[in-house]
Amino acid sequence: MEINEQSKHATISIVAEKAGVSTTTVSRYLNEKYEYMSLKTRKRIKEVIEQLNYRPSNIARGLKSKKTNLLGVVVADIENPFSSMMMKGVNDVCKQRNYHMLILNTDNSQISEEEGILSLIDHNVDALLINPTGYSSSIYTELKESKVPVVLMDRQIEHFLFDSVTSNNYDVTYQATAYLIKNNYSRIFFVSENINSISTRSIRKKAVEDALSEKKLDKEHCMLFIDKDNPLDIKEKLMKIKRLYQNEKLALFAVNGQVLLLLLQMLHELHWSIPDEIGIYGYDDWGWGELIQPGITVIQQDPYEMGKKAAELLIDRLEGKRLGAPELFELPANLMIRGSTE
């Protein structure tokens with residue numbers, strides 16, 4: 001028998017398919033529950049596992065029947081104030097419904113995300129709330145096959161496997177960009193760290209591009225990718241675009257609150273007047289947007305409500321109150337127009 005899959009791609013479903021049994025049977029084999037399983041079947045599963053060089057994760061083996069009322073929470077970037085507010089929403093629901101949570105930060109690392117999920121399974125969590133890195137990973141397929149209740153927060157993954165709670169990223173970003181175009185901004189730059197596989201960044205980028213394209217403005221040169229740890233490079237890029245497009249009305253769109261704050265610091269150090277020399281708007285309103293003169297135009301999300309909604313969905317799934325196919329919930333974000341885009 002020839003099996004070509006590499007071990008890193010092998011999942012419990014591939015083992016089951018090659019062995020000609022169900023995933024449940026493979027799971028029972030991994031948990032050494034051999035009742036009603038013939039020696040022939042056990043031998044066949046063992047053979048496939050060895051030929052695939054399959055190293056079973058702790059997901060299937062770590063699942064248990066005893067409920068712990070413990071939820072695992074995986075956060076991509078815990079230092080982001082958005083994440084803190086989202087965690088407060090999760091925590092408030094947990095307190096109301098008699099659950100506790102274990103929080104793990106991944107620093108947007110796929111490896112840390114996979115290891116973190118397995119670690120939480122090892123700690124006998126009942127279910128998982130995940131703010132994903134966005135990278136494609138077989139671990140999500142294994143979670144789905146193992147029937148671990150999962151809800152995704154803010155970001156999505158490539159395949160739609162679980163309930164997801166996010167903002168209406170595309171619609172509100174398009175609306176904000178269309179407003180600036182109507183206000184005679186002819187050159188709008190989408191400012192972000194590397195997009196990688198982060199869905200919120202890619203969706204917002206697409207909305208800016210589509211709004212520019214709709215009005216036949218240049219969308220091919222509207223990207224400005226930055227490194228938050230290299231402010232000198234950011235300043236040089238800002239000075240370059242101002243030099244290249246000195247006869248146009250310029251604006252910057254910050255992909256999130258951290259980038260927005262960083263850009264405002266750079267513009268302050270460059271002594272550029274807002275909005276006379278350059279307009280600026282972006283995602284997230286952490287309370288200081290209206291305090292910075294002339295007031296910063298922002299897209300106002302509700303991370304607290306996002307965390308709250310995600311936790312409610314997860315616990316409902318866990319308690320059997322929510323059945324059926326996964327759904328996408330897009331919470332409305334609001335465009336707060338202020339003086340920075342006049």
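The values are calculated or read from the model by the stated rules, or taken from the named source; none is laboratory data. Note that this is a predicted model, so its numbers are computed, not measured. Every residue, glycine among them, receives a Cβ derived from its backbone with ideal geometry; neighbour counts consider all protein chains shown. Quick note on the areas: whole protein, heavy atoms, side chains included, nothing else; ligands and nucleic acids left out. Shrake-Rupley method; radii C 1.70, N 1.55, O 1.52, S 1.80 Å.
For this structure, a couple of remarks:
- When nucleic acids and ligands are ignored and a 1.4 Å probe is applied, ILE315 ends up with an accessible area of around 0 Å².
- From the Kirkwood radius over Cα pairs of the range 142-190, Stokes-Einstein at 37 °C and 0.692 mPa s returns a whole-number translational diffusion coefficient of 240 µm²/s.
- Accessible-area composition of the chain, carbon plus sulfur, in percent [1.4 Å probe]: 47 percent
- Size descriptors for the range 80-177 (Cα atoms only): Rg and Dmax, in that order, 14.3, 46 Å.
- Compared with the rule-of-thumb size 2.2 N^0.38 Å for a compact globular protein, the chain has a Cα radius of gyration ratio of 1.18.
- Taking only alpha carbon atoms, the range 148-299 gives an Rg to Rh ratio of 0.98, where Rh is the Kirkwood radius.
- Full-stretch length increase - MET223, LYS95 - with 0.36 nm per residue and alpha-carbon distance subtracted: 41.8 nm
- Residue among ASN69, ASN230, ASN168 with the largest mean-square fluctuation in a Gaussian network model of the chain, springs linking Cα atoms under 10 Å: ASN230
- Prolate/oblate/rounded call for the range 248-326, Cα gyration tensor, a/c under 1.5 rounded: prolate
- Summed over the residues of the chain and divided among them, the accessible surface reaches 49 Å² per residue at a probe radius of 1.4 Å.
- Inverse of mean 1/r across different Cα pairs in the range 195-239, Kirkwood, Å: 12.0 Å
- Between LEU39 and GLU214, the modelled label-to-label distance comes to 7.1 nm, taking each label 7 Å out from Cα in the direction of the beta carbon.
- Of the residues SER146, SER83, SER38, the one that moves most in a GNM of the chain with alpha-carbon contacts below 10 Å is SER38.
- Extension gain (nm, one decimal) between HIS271 and GLN293, 0.36 nm per residue minus Cα-Cα: 6.6 nm
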